[in-house]
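Worksheet: one structure, shown below.
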Amino acid sequence: MKTKLTIAIIGLASLLSVGAHAASLVSNDQAAGLQSMNQTVSISGIDGDQTNIRQALSQKADAQGASHYRIIEANRDNTYHYTAELYK
């Protein structure tokens, strides 16, 4: 009985860890070896820090089925606007 419970818990944990993968930021050099999805995502706002901006881009990339993203536009003054190209 304990063996079945242990196997069930391990199986559930592996399913949850697969779903937790987030799209990662890549450099121009790294992107050269990846397949572009020919899609972009953008975010805009006020007072965003780098961590929150990267997290928001990663979430949007995940929602589009991307594994990686590369920032292709970054504008910051009193507001910010970032655009990222998506990769498989």
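Details
- Using the Cβ-Cβ distance between Gln35 and His81 with R0 set to 25 Å, the FRET efficiency works out to roughly 0.45.
- Gained length - Leu25 relative to Glu73, 0.36 nm times residue gap less alpha-carbon distance: 15.9 nm
- Heavy atoms of Tyr80: accessible area, 1.4 Å probe, square angstrom to 10: 40
- Taking a sphere under 14 Å around the Cβ of Val26 and counting the other residues whose Cβ falls inside, with K and R at +1 and D and E at -1, yields a net charge of +1.
- Cut-off 15 Å between beta-carbons: net charge of the residues surrounding Lys60, Lys and Arg +1, Asp and Glu -1: -1
- Neighbours of Gln35 by Cβ distance under 14 Å: Lys/Arg scored +1, Asp/Glu scored -1, total +1.
The values are calculated or read from the model by the stated rules, or taken from the named source; none is laboratory data. Keep in mind the model is a prediction, meaning the values are calculated, not measured. FYI the Cβ positions are ideal-geometry reconstructions off the backbone, even for glycines, and counts take in every protein chain you see. Keep in mind that these areas ignore ligands, DNA and RNA; they rest on the heavy atoms of the full protein, side chains included. Shrake-Rupley method; radii C 1.70, N 1.55, O 1.52, S 1.80 Å.
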